[in-house]
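Only one structure is covered here, and it is reproduced in the block below.
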Amino acid sequence: MSEPIDRFQFMMDQRRKFMKEMAALTGLAMISSAELVRAAPVSITGDDEAKDMNWGSIKGRLLYDGETPERNEVDLDRIQLSPEDLKWFRSLGPILNEDWVVDKKDKSVQWVYVWLIPENVLLNGKRNKDAKQTLEVHKELMDIPVGKKVVHVDQNPQGYVPHAVAIREGMSLNMRNQGPVPHVFKFTGFANDDFTKAMPANKQILIEGLKTERGANQISCPPHPWEKMWLRIFNHPYYAVTDEHGRFEIKNAPKGKCRMVVWQEDMGFKATGRLAKYGDVIEIEGGAMKDLGDIKIKAKVLK
């Protein structure tokens with residue numbers, strides 16, 4: 001009987017030895033894995049997240065430098081209007097000019113265009129003909145979202161709303177006349193041909209196929225000369241128009257140096273001199289939202 005017991009004992013000893021070896025190997029594997037994670041933390045970072053460090057965003061606020069400009073009231077009595085039309089134009093109160101729309105409390109400026117261009121468009125103080133005219137575009141901004149392909153502009157008693165619009169080539173304008181007064185839509189272009197369209201009462205027209213423009217386009221209504229707005233058409237996504245608090249924001253631009261251009265309808269370009277249209281050099285910080293703070297602008301002094 002001793003031989004079967006010895007064989008049984010031998011088998012139990014072998015099983016315990018095997019279990020100890022497996023436990024040791026398992027522990028070693030766990031230790032090695034932990035050491036690998038500690039040694040190479042970058043390996044757990046996704047590719048998309050790492051690439052975003054090559055892109056950054058900016059924001060800021062435009063303020064008026066000096067005494068706040070007065071907004072003059074349009075004298076409708078000097079314009080030949082029917083009593084019905086005159087009543088409609090006055091239905092929302094006085095119509096004020098929009099050359100400068102400045103908040104009297106904090107001097108923030110609305111309707112200012114801000115956009116980015118490559119830093120090397122200028123070389124040694126001269127235009128660099130070999131430089132690209134637009135920045136590299138982030139993958140999320142390559143295509144225009146379906147919901148943003150059409151920008152709506154309303155013609156209300158006090159004029160066009162919004163007064164300044166920026167679009168990208170491939171986007172359209174939907175001009176809406178929701179009132180009882182007929183208007184005329186007149187577009188003055190450079191790369192695009194000038195054209196004029198009737199704007200019947202309670203109708204809308206879709207303006208498509210507009211090409212990129214180097215300058216600002218004016219849209220106006222000849223029968224009502226105080227009605228005008230501005231349009232800029234870009235071939236890239238790095239642009240903005242300041243809101244009622246003078247704020248702007250441009251997202252996902254390539255990190256590094258570039259030029260920021262600021263333009264307002266009465267002032268023109270913020271920068272001065274013959275190279276003003278190339279703006280000022282700024283730097284985009286990768287993976288960050290850079291606050292440029294308050295940027296002051298003022299009307300140009302005519303000599």
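Please treat every number below as a calculation from the coordinates, not as lab data. Because the structure is a prediction, the values reported are computed rather than measured. Quick reminder, even Gly has a Cβ in these numbers, built from the backbone with ideal geometry, and neighbours come from all protein chains shown.
List of remarks:
- Rel. contact order, % - alpha carbon contacts under 8 angstrom, at least six apart, segment 113-190: 23
- Listed values for segment 245-262 are Karplus-derived 3J(HN,Hα) couplings in whole Hz (6.51 cos²θ - 1.76 cosθ + 1.60, θ = phi - 60°), namely 9, x, 8, 9, 8, 10, 10, 6, 9, x, 5, x, 7, 8, 10, 10, 9, 10, and x replaces Gly and Pro.
- Ranking of Met142, Met199 by count of other Cβ atoms within 10 Å, fewest first: Met142, Met199
- Pairwise label distance in nanometres, Lys251 with Asp280, each label 7 Å out on the Cα-Cβ vector: 2.6
- Backbone HN-Hα couplings from phi across segment 284-296 [Karplus 6.51/-1.76/1.60, Hz, Gly and Pro as x]: 8, 9, x, x, 9, 9, 8, 8, 7, x, 8, 10, 9
- Computed from the Cβ-Cβ distance with R0 of 22 Å, the FRET efficiency linking Asn54 to Asn235 stands at 0.55.
- Over segment 55-297, Cα pairs under 8 Å with separation of 6+ residues give a relative contact order of 31 percent.
- Between Val137 and Ser172, the contour length at 0.36 nm per residue exceeds the alpha carbon distance by 10.5 nm.
- Applying 0.36 nm per residue to the separation of Asp266 and Phe190 and subtracting their alpha-carbon distance, the gain on full extension is 25.4 nm.
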